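*Asks:* Before I ask anything, let me first share the structure, which is written out below as structure tokens.
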Amino acid sequence: MTQALLAIEDLHVSYRGHDSTAHILDGVDITIGRGQSVGLVGESGSGKSTVAFALLGLLGDNAEVSTRRAAFDGRETSLGMDEATALRGTDIAMIFQDPMTALNPMFTIGTQLVDIQRRRFPRQSRRSLWARAETMLADVGVPDVAARMHRYPHEFSGGMRQRVVIAMALLVEPKLLIADEPTTALDATIEAQVVEVLDRLRQRTSASMLVVSHSMGLIAELCDSVIVMYAGTVVEHGPVHVVFSRPRHPYTRALLACEIDPYAAFDLSQDLATIPGTVPDPAFRPQGCIFASRCPARHDRCSERPPRRQTGEGRTYSCWQEAA
Amino acid sequence: MAHPVLTLDNAVVRYDRLTAVDNISLELRRGETLGLIGESGCGKSSIARAIVGLQPLAEGTLAVEGETLKDASRQRRLILQRRIQLLFQDPVASLSPRLTVRALLSEPLKIRNAFTAENWGRIVALAESIGLGEQLLSRYPHQLSGGQARRVALIRVLAAEPSIIVADEPTAGLDISVQGDLLNLLRALKDHLGLSYLLISHNLNVIGRVADRVAVMYLGRIVESGPTAALFRGPAHPYTQALLSANLTLDPSRRHERIVLSGELPSPAHPPAGCRFHSRCPLVQPKCATEAPALRTDEDGRAVACHFPLAARPAVIPQAIAG
Ligand SMILES: Nc1ncnc2c1ncn2[C@@H]1O[C@H](COP(=O)(O)OP(=O)(O)OP(=O)(O)O)[C@@H](O)[C@H]1O
Ligand SMILES: Nc1ncnc2c1ncn2[C@@H]1O[C@H](COP(=O)(O)OP(=O)(O)O)[C@@H](O)[C@H]1O
Ligand code: SF4
Ligand code: SF4
Ligand SMILES: [Mg+2]
Ligand SMILES: [Mg+2]
């Protein structure tokens, strides 16, 4: 197999508080192959955004980050702030949930799309960067590009703004594109347009993608493999179709059971599935299996840390239960 | 037949230069959940605001249980308007951190001078029935779980004894499990208190699962409405079909049918002539550009506004849903 674009083993992130330390990520492994698209799912607070921010060097000063090993594009890295900052905007680009956070309301879209390319292509003229930006905007499906380049962000609808942000991210020709909840702020019609744009780009460029979302549907449509996170740990990982059609970890199962299928036969008076209980406070992580307090399959052994199992389909999961 | 609990008749909502809601009629029947769907900017929240009285109707009427608000006395109007309550998108954020649960729950009664032993007893019983025991009354919001805080916020809305709840994107940004908890709670309260809901959401799965009927909006107009299961399985309006097909799904077999609409919703300040959807309709015909289709209702309670509705496919509906 060719070398992965990104390989991180045993990522830990913690925040020191006044009386305790919150262990936010506890031994997360992530591998993203070249041209591969990996999804990161889990309830809020499971640490998805923290993973993304760690890769981008955007964690606060009070964050303590450590890894056993971290390599990006064949180079070892420490995920220290300086290195990550150097990668951000050139090798790694980010699409945020709210497009307005990435856009400056004071400047036209054209100016912003040109400026973003300056660091990556320092020798090119403004005119050629402008032309590149126009082409890219058209590529992501913005109509009437020549006029739109002179408009300000507030003159765009939510969906068009998110396209501008995607164009912005792609203009630097990143090796890795990180999208954190890229469609949560959009309605179904626009979400489908954005998914189509991302999907098209994925087939055309060799960029890898990390898609962070709690929408299983989005991950199913955009990703090759999925990492299921719970309370700062990876509980299951594998090809999307394997994990979603035959989930093994009780948490993955519980999460998928909550998905609503409006086309299935159901009884209106029947309750929707939920996962009783809450994610444990990262400052007080339980011993043993982290999911035990909410797990319907919990048994005596679960007070010890569960082993990581492989199922031979490229899937791993961490649980005391044998594959059922 | 009994009056619908809420009737909106030829309603128009205008902001200075544009008409966000253009001649819409809606009926909410007692005990039902009516889902309202459509693209961002099509006018859903404008309808919601008009119904709860936050936005005046430029034209048309609103009636609660058959009583038209416009014709009622000022005092009567206030009483009728109080029967309709808005559920905020993030109700938990509206809880003051300095008040105990007891104070939070009694506040709405005190505000309207209705704090009697009987009313308070009713609130406590309601709280108890959805899992908020008396032992929680002395706690502050930060000492509650997310689910408990949600229950407190909901009971505050219910303290006004509404018969109609307008919920605009109540599940946006929620985890799927939390979303399930909220929807279960809403249904339990509805059954218990005989409420009716107008539910606005971009989440088509949620609407498809909990709404009895659905109305689909496009650019300030209702383009289709009908019983949820039938409408989801056999949309008659090309816009409904495209909207439903856009829904992301875990089921790969369903993805092939996707119709991705190009372009954006036109501005309501300059709606296209004829059928408002004609600039994006995959099935557009010459007639569509000049003549606006009327909303026509058939005997099954399905209404559609299109010159060339999709052939009413025989919808195969599982018994459980139809029942
Ligand atoms: N206070 C206002 N002044 C002027 N125009 C407004 C105002 N509020 C809404 N609009 C416009 O009215 C139209 C309908 O807006 P509305 O908020 O009802 O849409 P919506 O269907 O709720 O959209 P979303 O799904 O994004 O919430 C839009 O074109 C919007 O820009
Ligand atoms: N700067 C911070 N200081 C302390 N705790 C934080 C900080 N940022 C995030 N957390 C905590 O880390 C956990 C994971 O958060 P996050 O990565 O945002 O999760 P997700 O993206 O999966 O919702 C949460 O418990 C959150 O409260
Ligand atoms: S290890 Fe035990 S508690 Fe944890 S997920 Fe498996 S069965 Fe459940
Ligand atoms: S009236 Fe014409 S343009 Fe409008 S939805 Fe029907 S077919 Fe499409
Ligand atoms: Mg997040
Ligand atoms: Mg709205």
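*Asks:* Just to be sure before I move on: is A:VAL145 modelled with pLDDT of 85 or more, among the hydrophobic types (A, V, I, L, M, F, W, C) and open to solvent by 10 Å² or more (accessible area, probe 1.4 Å) in the structure I sent? It would help to see each step written out before you state the result.
*Replies:* Values: modelled with pLDDT of 85 or more: yes; among the hydrophobic types (A, V, I, L, M, F, W, C): yes; open to solvent by 10 Å² or more (accessible area, probe 1.4 Å): yes.
In short, yes.
*Asks:* On to the next question. Just need a number here: residues in segment B:30-53 that are more than 9 Å from ligand 1 (Cβ to nearest atom) and over 19 Å from B:VAL304 (Cα atoms).
*Replies:* Result for segment B:30-53: 8.
*Asks:* Can you pull out every residue in segment B:256-266 that is within 7 Å of another protein chain (Cβ to nearest Cβ) and either in a helix (DSSP H, G or I) or at pLDDT 80 or above (or both)? Before the answer, list the steps.
*Replies:* First, the residues of segment B:256-266 that are within 7 Å of another protein chain (Cβ to nearest Cβ): B:258, B:260-261, B:263-264.
B:ARG258, B:VAL260, B:LEU261 - these are the residues of segment B:256-266 that are within 7 Å of another protein chain (Cβ to nearest Cβ) and either in a helix (DSSP H, G or I) or at pLDDT 80 or above (or both).
*Asks:* What are the residues in segment A:193-212 that are of a type in the set (S, T, N, Q) and either open to solvent by less than 10 Å² (accessible area, probe 1.4 Å) or within 12 Å of another protein chain (Cβ to nearest Cβ) (or both), if any? Before the answer, list the steps.
*Replies:* Our first condition is that a residue be of a type in the set (S, T, N, Q); within segment A:193-212, this holds for A:193, A:203, A:205-206, A:208.
Within segment A:193-212, A:GLN193, A:SER208 meet the criteria.
*Asks:* Of everything in segment A:289-311 that's in a loop (DSSP other than H, G, I, E, B) and free of Cβ contacts under 8 Å to residues at least 24 places away in the same chain, which residue is farthest from ligand 5 (Cβ to nearest atom)? Give the steps one after another, and end with the answer.
*Replies:* Going through segment A:289-311, the residues in a loop (DSSP other than H, G, I, E, B) turn out to be A:289-291, A:295-299, A:304-307, A:311.
Still in the running and free of Cβ contacts under 8 Å to residues at least 24 places away in the same chain: A:298-299, A:304-307.
Working: A:ARG298: 27, A:HIS299: 32, A:GLU304: 30, A:ARG305: 26, A:PRO306: 25, A:PRO307: 29 Å.
Checked segment A:289-311; the qualifying residue farthest from ligand 5 (Cβ to nearest atom) is A:HIS299.
*Asks:* When residues of segment B:160-170 are filtered for being open to solvent by 10 Å² or more (accessible area, probe 1.4 Å) and touching a Leu at 6+ places or on another chain (Cβ under 8 Å), how many remain? If you could, list the steps in order and put the result at the bottom.
*Replies:* Let us first name the residues in segment B:160-170 that are open to solvent by 10 Å² or more (accessible area, probe 1.4 Å), namely B:160-163, B:168-169.
Then keep just the ones that are touching a Leu at 6+ places or on another chain (Cβ under 8 Å); that gives B:162-163, B:168.
So the answer is 3.
*Asks:* Considering every residue within segment B:267-275, establish whether at least one is modelled with pLDDT of 95 or more, away from chain A (no Cβ under 14 Å) and not in a loop (DSSP other than H, G, I, E, B).
*Replies:* Checking segment B:267-275: not a single residue is modelled with pLDDT of 95 or more, away from chain A (no Cβ under 14 Å) and not in a loop (DSSP other than H, G, I, E, B).
*Asks:* Condition first: more than 26 Å from the chain's Cα centre (by Cα) and among the charged types (D, E, K, R). Now tell me which residues in segment B:252-274 satisfy that.
*Replies:* Scanning segment B:252-274 gives B:ARG254, B:ARG255, B:GLU257.
*Asks:* On to the next question. Scan A:LEU55, A:LEU129, A:LEU113, A:LEU79 and give me the residue that is in contact (Cβ under 8 Å) with a residue 60 or more places away in the chain, out of contact with any Ser or Thr (no Cβ under 9 Å at 6 or more places or on another chain) and either more than 16 Å from ligand 6 (Cβ to nearest atom) or among the aliphatic types (A, V, I, L, M) (or both). Explain how you work it out, then say what you get.
*Replies:* Values: A:LEU129 fails: in contact (Cβ under 8 Å) with a residue 60 or more places away in the chain; A:LEU113 fails: in contact (Cβ under 8 Å) with a residue 60 or more places away in the chain; A:LEU79 fails: out of contact with any Ser or Thr (no Cβ under 9 Å at 6 or more places or on another chain).
Exactly one of A:LEU55, A:LEU129, A:LEU113, A:LEU79 is in contact (Cβ under 8 Å) with a residue 60 or more places away in the chain, out of contact with any Ser or Thr (no Cβ under 9 Å at 6 or more places or on another chain) and either more than 16 Å from ligand 6 (Cβ to nearest atom) or among the aliphatic types (A, V, I, L, M) (or both), namely A:LEU55.
*Asks:* Using the structure shown, decide if B:VAL223 is of a type outside the set (D, E, K, R), outside any helix (DSSP H, G or I) and either under 30 Å from B:ARG187 (Cα atoms) or in contact with a His (Cβ under 6 Å, 6 or more places away or on another chain) (or both).
*Replies:* yes
*Asks:* Name the residue, out of A:ARG301, A:ARG248, A:ARG294, that is surrounded by 18 or more Cβ atoms within 10 Å (Cβ to Cβ) and farther than 23 Å from B:ASP251 by Cβ. Give the steps one after another, and end with the answer.
*Replies:* Numbers: A:ARG301 fails: surrounded by 18 or more Cβ atoms within 10 Å (Cβ to Cβ); A:ARG248 fails: farther than 23 Å from B:ASP251 by Cβ.
Exactly one residue qualifies, and that residue is A:ARG294.
*Asks:* Kindly evaluate B:TYR218 against the criterion of being more than 16 Å from ligand 6 (Cβ to nearest atom), at negative phi and either buried (at least 23 other Cβ atoms within 10 Å of the Cβ) or β-branched (Val, Ile, Thr) (or both).
*Replies:* On the way: more than 16 Å from ligand 6 (Cβ to nearest atom): no; at negative phi: yes; either buried (at least 23 other Cβ atoms within 10 Å of the Cβ) or β-branched (Val, Ile, Thr) (or both): yes.
No.
*Asks:* Give me the pairs: first residue in segment B:39-50 and closer than 16 Å to B:TYR239 by Cα and within 16 Å of ligand 4 (Cβ to nearest atom), second residue outside any loop (DSSP other than H, G, I, E, B) and polar (S, T, N, Q), beta-carbon distance under 6 Å, and six or more apart or on different chains, which are they?
*Replies:* Partner pairs satisfying both residue conditions: B:GLU39/A:THR189.
*Asks:* Give the residues of segment B:244-289 that are closer than 17 Å to A:LEU186 by Cβ, crowded, with 19+ Cβ neighbours inside 10 Å and among the hydrophobic types (A, V, I, L, M, F, W, C), sorted by residue number.
*Replies:* Within segment B:244-289, B:LEU244, B:ALA246, B:LEU248, B:LEU261, B:LEU265 qualify.
*Asks:* Residues of segment B:1-32 being in contact with a helix residue (DSSP H, G or I) (Cβ under 6 Å, 6 or more places away or on another chain) and in contact (Cβ under 8 Å) with a residue 60 or more places away in the chain, which ones?
*Replies:* Once the filter is applied, which keeps residues that are in contact with a helix residue (DSSP H, G or I) (Cβ under 6 Å, 6 or more places away or on another chain) and in contact (Cβ under 8 Å) with a residue 60 or more places away in the chain, segment B:1-32 yields B:ALA20, B:VAL21.
*Asks:* Filter segment A:312-324 for residues that are surrounded by fewer than 15 Cβ atoms within 10 Å (Cβ to Cβ) and over 13 Å from A:PRO250 (Cβ atoms); which is nearest to ligand 5 (Cβ to nearest atom)?
*Replies:* Pass one, segment A:312-324, residues surrounded by fewer than 15 Cβ atoms within 10 Å (Cβ to Cβ): A:312-314, A:322-324.
In the following step, the residues that additionally are over 13 Å from A:PRO250 (Cβ atoms) were identified as A:312-314.
Numbers: A:GLY312: 32, A:GLU313: 28, A:GLY314: 26 Å.
Ranking the qualifying residues of segment A:312-324, first place goes to A:GLY314.
*Asks:* As an exercise: evaluate A:MET100 against (1) more than 17 Å from the chain's Cα centre (by Cα); (2) in contact (Cβ under 8 Å) with a residue 40 or more places away in the chain; (3) not in a helix (DSSP H, G or I) and give the number of the one condition it does not meet.
*Replies:* Exception for A:MET100: condition (3).
*Asks:* For residues in segment A:154-192 being in contact (Cβ under 8 Å) with a residue 40 or more places away in the chain, out of contact with any strand residue (DSSP E or B) (no Cβ under 7 Å at 6 or more places or on another chain) and farther than 23 Å from A:ARG120 by Cα, which is farthest from the other protein chains (Cβ to nearest Cβ)?
*Replies:* Residues of segment A:154-192 in contact (Cβ under 8 Å) with a residue 40 or more places away in the chain: A:154, A:156, A:158, A:161-162, A:164-182, A:184-185.
With the extra rule that they be out of contact with any strand residue (DSSP E or B) (no Cβ under 7 Å at 6 or more places or on another chain), the set shrinks to A:154, A:156, A:158, A:161-162, A:164, A:167-168, A:170-171, A:173, A:184-185.
Pick out the ones that are also farther than 23 Å from A:ARG120 by Cα and you get A:154, A:156, A:158, A:184-185.
On the way: A:HIS154: 14, A:PHE156: 9, A:GLY158: 6, A:THR184: 7, A:ALA185: 9 Å.
Going through the qualifying residues, I end up with A:HIS154.
*Asks:* Could you list, ordered by first residue, the pairs with Cβ atoms under 7 Å in which the first is in segment B:53-75 and closer than 19 Å to B:HIS3 by Cβ and the second is open to solvent by 50 Å² or more (accessible area, probe 1.4 Å), at least 6 apart or interchain?
*Replies:* Listed pairs, sorted by first residue: B:GLY60/B:ASP9; B:GLY60/B:ASN10; B:THR61/B:ASP9; B:THR61/B:LYS70; B:VAL64/B:ARG83; B:GLU65/B:HIS3; B:GLY66/B:HIS3; B:LEU69/B:ARG77.
A quick yes/no check of all residues on (1) closer than 23 Å to A:ASP180 by Cβ; (2) in the same structural domain as A:ALA188 (by TED's automatic domain parsing); (3) open to solvent by 20 Å² or more (accessible area, probe 1.4 Å):
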position: A:HIS214; (1), (2), (3): yes, yes, yes
position: A:MET229; (1), (2), (3): yes, yes, no
position: A:GLU236; (1), (2), (3): yes, yes, no
position: A:PRO239; (1), (2), (3): yes, yes, yes
position: A:LEU256; (1), (2), (3): yes, yes, yes
position: A:ALA264; (1), (2), (3): no, yes, yes
position: A:LEU268; (1), (2), (3): no, yes, yes
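*Asks:* For segment A:244-270, which residues satisfy the criterion of being facing chain B (nearest Cβ under 9 Å) and either at pLDDT 95 or above or under 25 Å from the mean Cα position of the chain (by Cα) (or both)?
*Replies:* Scanning segment A:244-270 gives A:PHE244, A:SER245, A:ALA254, A:LEU255, A:LEU256, A:CYS258, A:GLU259, A:ILE260, A:ASP261.
*Asks:* For the subset of segment B:33-60 comprising residues that are away from every other protein chain (no Cβ under 14 Å) and in contact with a helix residue (DSSP H, G or I) (Cβ under 7 Å, 6 or more places away or on another chain), which member is nearest to ligand 5 (Cβ to nearest atom)? Don't jump to the end; show me each part of the working.
*Replies:* Of segment B:33-60, the ones away from every other protein chain (no Cβ under 14 Å) are B:46-60.
In the following step, the residues that additionally are in contact with a helix residue (DSSP H, G or I) (Cβ under 7 Å, 6 or more places away or on another chain) were identified as B:53, B:55, B:57.
Numbers: B:GLY53: 36, B:GLN55: 33, B:LEU57: 40 Å.
Filtering first and then ranking leaves B:GLN55.
*Asks:* Quick check on my filter: what residues within segment A:152-170 are of a type in the set (S, T, N, Q) and part of a loop (DSSP other than H, G, I, E, B)?
*Replies:* From segment A:152-170, those of a type in the set (S, T, N, Q) are A:157, A:162; that's our starting set.
The answer is A:SER157, and nothing else.
*Asks:* Condition first: more than 8 Å from chain A (Cβ to nearest Cβ) and either assigned to a loop (DSSP other than H, G, I, E, B) or touching a Gly at 6+ places or on another chain (Cβ under 8 Å) (or both). Now tell me which residues in segment B:173-189 satisfy that.
*Replies:* Result: B:LEU174, single match.
*Asks:* Same structure again: What's the number of the condition B:LEU193 fails, among (1) within 11 Å of another protein chain (Cβ to nearest Cβ); (2) within 23 Å of the chain's Cα centre (by Cα); (3) open to solvent by 30 Å² or more (accessible area, probe 1.4 Å)?
*Replies:* Only one criterion is unmet by B:LEU193, namely (1).
The values are calculated or read from the model by the stated rules, or taken from the named source; none is laboratory data. Quantities reported herein were computed from a predicted structural model and do not represent experimental measurements. Because the Cβ atoms are built from the backbone with ideal geometry, glycine has one as well, and the counts that use them run over all protein chains shown. All accessible areas refer to the heavy atoms of the entire protein, side chains included, with ligands and DNA or RNA removed. Shrake-Rupley method; radii C 1.70, N 1.55, O 1.52, S 1.80 Å.
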